[in-house]
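These notes concern the structure reproduced below.
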Amino acid sequence: MVERFLEGRGAVITGGASGLGRGIALAYAERGANLVLVDINEELLEKTSKEITQISGQKVIPIVCDVSNSDQVKAMAKQAFSELDNVFVLNNNAGISINYGKDLLKVYEKMWDQMMSVNLKGQWIVAKAFGRKMRTQKIEPIAGKMIHTASLAGMVVDAMTPVYSLTKVGIIAMVKLLAQSLAPKVTVNSLSPGYHFTPIYLNRELMKTIMDEGHVKTPLNRLGTIDDVVNVSLFLASPASNFITGHNFPVDGGVGEVGSPANYLITDI
Ligand code: NAD
C-alpha cells in the first residue's frame, strides 16, 4: 500500500514517540498525512518528530501529554485540531505493561489503578476528546477513522499479565460501543498485536520469559515486526476499510487462535 491516500489528512497518534506508534506515524506521513504525535516522554517525542519530518517532509507537531490526565488530553485535542486541517485518523495507541507475573489476587491496588488509567481510561478520554468533532468533519464518505491498539492479551486473557489483559479486553469492548456512538460518520476498530519486540518489553530476555512461561508458539514461526502492525493500521486508515467498524483485527501470527495455550507447536522462534 504505497499510494499517498492520506494527502490532505491529519493524523493523531498517541504513544507516537516509540515502538508501534512511531512505526505507524512514519507510515501515515509517508502516505501524505500531517501528524500530531502525542507522548509522555518529551525527549523521545522531540527526537521522533524530527526524524519523521526529515524522512517524510510532512508536518509533525509533538505534544507532550499524559493520556490518563483529562485536562491534558482536552488541551492536547484543542491544539491538535488547530494545528491540523482535520483529524481524519486518531490512533489511540499509548499503553503500558507492568507487573508481569502477578497473580490477579496479589496485584497492588496502585498498579491496578495505574494500568487501568493509562491503558483503558486513557483511550476512552482521548476518544471522547476527539470523537464528536471528528464526526462533524466535512470529509466524504467517512469523516474520520479511530484505530485503537488492543492486544492478543485482550483476546486470550493471560494469567501472567492479568490487569494488562483486563485493560485490553476493555478496549476491544469499548471499540464496539464507540463504533455505535460514532456511526455512520466515523469508523472505530482495534488491532491486536501479538509478540513484537518493542521497548514495552524492556528487553528480549523478559519477552522470552513471557513466551516460555506462557507456552507460546507462533504458528508462523517468528516474532511479529513493527511493520506487521503498520500494514494493518494502514488498511484501517485507508478507503479499503470504509465498510468496517466495531471490529478487532489480530496481528499475532496466529497465536490467538492456535498457538497459545491450546496447541504447543514444536518449533523454535
Ligand atoms: P512502547 O513502550 O514502545 O510505546 C508506548 C509509548 O506510549 C511510549 O512512547 C510511551 O512513552 C507512551 N506512553 C506511555 N504512557 C503514556 C501516557 N500516560 N501518556 C502518553 N504516552 C504514554 O510500546 P509498544 O509496544 O509500541 O506499545 C504500543 C501499544 O501496543 C500499547 O498499547 C501496547 O499495549 C500495545 N501492544 C504491544 C505489543 C507488543 O508486542 N509490543 C503487543 C500487544 C499490544
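Every number in this text was worked out from the coordinates using simple rules, so none of it is lab data. Treat the numbers as computed from the prediction; the structure is a model and nothing was measured. So basically every Cβ, Gly included, is an ideal-geometry build from the backbone, and we count neighbours across all protein chains shown.
The slack in the chain from residue 75 to residue 133, taken as 0.36 nm per residue of separation less the alpha-carbon distance, amounts to 19.5 nm. If you bin all the Cα-Cα distances of the chain at 10 Å, starting from zero, the percentages per bin are 7, 31, 37, 20, 5, 0.
Taking 20 Å as the cut-off, the amide N atoms of the stretch 59-86 that come nearer than this to a point 7 Å along the Cα-to-beta-carbon line of residue 140 belong to 86.
The spread of Cα positions in the stretch 24-105, taken along each principal axis and listed from longest to shortest, comes to 49, 27, 23 Å. How many nm is it between the label spots at residue 243 and residue 106, if each spot is 7 Å from the Cα in line with the beta carbon? Between residue 243 and residue 106, the label points sit 5.1 nm apart. Count Lys and Arg as plus one, Asp and Glu as minus one, and take only other residues whose Cβ is under 13 Å from that of residue 215; the net charge is then -1.
Could you work out the Kirkwood radius for the stretch 87-240, taking every pair of different alpha carbons, averaging 1/r and inverting it, reported in Å? Write down the numbers at each step before the final one.
Working: mean 1/r = 0.0606 Å⁻¹.
In the stretch 87-240 this quantity evaluates to 16.5 Å.
A helix-only calculation puts the chain at -12500 deg cm²/dmol for mean residue ellipticity at 222 nm, using -39500 (n - 2.57) for each DSSP H run of at least four residues, averaged over all residues.
Between residue 197 and residue 7, the contour length at 0.36 nm per residue exceeds the Cα-Cα span by 65.4 nm. Helix 19-30 and the long axis of the chain differ in direction by around 30°, with both axes built from C-alpha atoms. For the residue pairs 110/138; 78/185; 106/133, the alpha carbons lie more than 32 Å apart in 110/138; 106/133.
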